[in-house]
1. Near ILE60, within a Cβ-to-Cβ distance under 13 Å, what is the net charge of the other residues, with Lys and Arg +1 and Asp and Glu -1?
2. Calculate how many DSSP beta bridges within the chain are antiparallel, expressed in % of all such bridges and rounded to the nearest 5.
3. Roughly how big is segment 203-265's charge dipole about its Cα centre, with Cβ charges of +1 (Lys, Arg) and -1 (Asp, Glu), in debye to the nearest 20?
4. Where nothing but the Cβ of Lys and Arg (+1) and of Asp and Glu (-1) is charged, how large is the charge dipole of segment 69-127 around its Cα centre, in debye to the nearest 20?
5. Could you tell me the calculated FRET efficiency between ALA108 and LEU286, based on Cβ-Cβ distance and R0 = 45 angstrom, to the nearest 0.05?
6. Using a probe of 1.4 angstrom, how much of the accessible area of the chain is carbon and sulfur, in percent?
7. Measuring from the lowest to the highest alpha carbon on each principal axis, how far does segment 229-349 reach, largest first, in angstroms?
8. Determine the dipole magnitude for the chain: charges of +1 sit on the beta-carbon of Lys and Arg, -1 on that of Asp and Glu, nothing else is charged, the reference point is the Cα centre, and the result goes in debye to the nearest 20.
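The values are calculated or read from the model by the stated rules, or taken from the named source; none is laboratory data. If you're wondering where the values come from, they're calculated on a predicted model, not measured in any experiment. Note that we place each Cβ from the backbone using ideal geometry, even for glycine, and neighbour counts take in every protein chain shown. SASA here: full protein model, heavy atoms, side chains in, ligands and nucleic acids out. Shrake-Rupley method; radii C 1.70, N 1.55, O 1.52, S 1.80 Å.
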Amino acid sequence: LLSVRAAAEKPLLQVLGGKRATQVPIWLMRQAGRYLPEYREIRSSAASFLDFCYTPRLAIEATLQPLRRFDFDAAILFSDILVVPDALGQLVSFESGEGPRLAAITGASDLAKLKATVDLARLSPVFEAVAGIKAALPSGVALIGFCGAPWTVASYMVAGKGTPDQSPARLFAYQQPGVFADLIERLVDASTIYLIEQIKAGVEVVQIFDSWAGVLPAPEFDKWCFRPVQRIIAGVKAIFPEMPVIVFPRGAHLHLQQIARQSGANAIGLDSAVDPAWAAGAVQSLIAVQGNLDPLALVAGGRALDSALDSLLHCFRGGPYIFNLGHGILPETPVAHVEQLVRRVRASG
Ligand code: CP3
């Protein structure tokens, strides 16, 4: 009971629980990472990025680094969405400066080579890291776990790398719809199990990153984005009914109200292209919202940053709101600008 009461006092959990928060909670997507010199320093101590993610000592340290500098309301587990394909047996690596490389899935025979279910032993260092982070977390700070949404993860699995428009996965879904449905199905199961294990290890909120949700026509959006995410949320909540879930469907503007009403999520992360004045009426009236400062306004700093963040605080002051960026923080972001941001959000009350 004591730990339940302490948890209820964390501002992020207050907002996600539909309560009035004692302060506007703030955290930043990709808040650990390359814009921090101390991250770059420990990053060079691991042979590869996946090794880094699978070394609890390093994952714990990278997660905690931004909290030592900034008064954030949440920590987000340091890992990557591509550990799920790795744990399904797909070859995954990260080339420095080039992003992820995977052994591309081109058809049914490649899919058949994957494991039937996610290898939890492979992921056990991640759960060990969660437990270590939880034990070291400053009071008042909530721990967020995450996974990629099936469509976003599948787009990397099919292309074998990041692409500007996800055309390999979009084409695959038209040409081999049955095989693609099978891939998405496996990712729904794997992601649900992965999130449940993170929760058992200690995360208090989960976020589903659908970074590439914005490229699909409506029928494909429904099949490959909306329904799979809805099923993951239902699967998680079947085991943990009270677990707050944030969905970040980047670019899915026409679908935000459907997601708010029917996905089962507790909050929606808005990308920077969403008009806050519109979203306050159309989305925040239905569900808590998170976002959506342009990461480039944070790079710019100065008056551009102050006026953009003041405008967000003003637009979203009437309802449940979590301050964040509209996408991940950029590596070139000056640390001083993040300090400026947090100071000003805090001063707003
Ligand atoms: O504090 C945090 O939020 C860090 C944890 C985190 C990482 N990746 C670490 C990372 C999270 C939540 C992610 C999510 C992620 N990974 C997404 C969804 C969010 C988004 O930004 O759209 C996606 C699409 C990926 C896949 C991925 N991982 C790509 C495309 C790349 C290369 C591009 C890049 O940003 O470097 C990565 C590598 C990666 N993931 C790095 C970090 C810190 C950089 C690798 C390094 O430091 O060597």
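1. Result for the neighbourhood of ILE60: +1.
2. Antiparallel bridges: around 15 percent, rounded to the nearest 5.
3. 140 debye
4. 240 debye
5. 0.65
6. 54 percent
7. 45, 29, 27
8. 580 debye
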